[in-house]
Amino acid sequence: MTAMTPPARTQPDLSYLLDHTSHVLRTRMAAALAEIGLTARMHCVLVHALEGERTQSELAGIGDMDKTTMVVTVDALEKAGLAERRPSSTDRRACIIAVTEKGARTAEHSQRIVDSVHGQALDALPDSDRETFLRLLDHLATGHLSTPSPAPARRARQHSG
């Protein structure tokens, strides 16, 4: 069999670079937060629930979580005594996530951990490049790459016979 030549790359593999660094950052964050019994999702819910009265649905949107994942996350926060579900003051059908005093202290601690993990990653860059890197990454995240493409429609399976 003849060896085939792969097509020539005309651009750096941005998907790999972003995916790989994001994966490594997430695993480091998960390990650091696990030391205090939190997940990144739990941290996200605590921090954003402290910003104001937010419903479970609003927090799920902020944290990019589906409904089931959000329920499991809030269940874990309640079990740990870090947050509780309460009726909304503006919509009796809605439930807000209220952070307990213990949860607020934990959020403060977890934010220091998150900042440390991010700081370590940024410290790996030369000082002169950090601000430019963050500015450009923010430009992509809030500009061209701010909105995912819609998921492609699924095609019905074709059955033979």
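The values are calculated or read from the model by the stated rules, or taken from the named source; none is laboratory data. None of these values were measured; they are calculated from a predicted model. All Cβ positions, even for glycine, are placed from backbone atoms using ideal geometry, and neighbour counts span all protein chains on display. These area figures cover heavy atoms from the full protein model, side chains too; ligands, DNA and RNA do not enter into them. Shrake-Rupley method; radii C 1.70, N 1.55, O 1.52, S 1.80 Å.
Only residues that are assigned to a loop (DSSP other than H, G, I, E, B), open to solvent by 20 Å² or more (accessible area, probe 1.4 Å) and in contact with a helix residue (DSSP H, G or I) (Cβ under 8 Å, 6 or more places away or on another chain) were counted across region 36-62, and they come to 3. Within region 65-91, the set of residues being surrounded by fewer than 18 Cβ atoms within 10 Å (Cβ to Cβ), touching a helix residue (DSSP H, G or I) at 6+ places or on another chain (Cβ under 9 Å) and not in a helix (DSSP H, G or I) comprises ASP66, ALA80, GLY81, GLU84, ARG85. Of everything in region 132-155 that is part of a loop (DSSP other than H, G, I, E, B) and closer than 16 Å to SER15 by Cα, the residue that is least open to solvent (accessible area, probe 1.4 Å) is SER146. Flag: LEU77 does not match the condition of being touching a residue at least 40 places away in the same chain (Cβ under 8 Å), closer than 23 Å to ILE36 by Cβ and not aromatic (Phe, Trp, Tyr). Of all residues in region 112-129, those being open to solvent by 60 Å² or more (accessible area, probe 1.4 Å) and over 25 Å from VAL47 (Cα atoms) number 5. Scanning region 66-77 for residues that are under 19 Å from SER110 (Cα atoms) and within 15 Å of the chain's Cα centre (by Cα) gives MET70, THR73. Count of region 93-152 residues, restricted to those that are in contact with a Phe, Trp or Tyr (Cβ under 9 Å, 6 or more places away or on another chain) and closer than 30 Å to THR55 by Cβ, is 0. For ALA32, the test of being open to solvent by less than 40 Å² (accessible area, probe 1.4 Å) and either over 23 Å from ARG112 (Cβ atoms) or in a loop (DSSP other than H, G, I, E, B) (or both) is failed.
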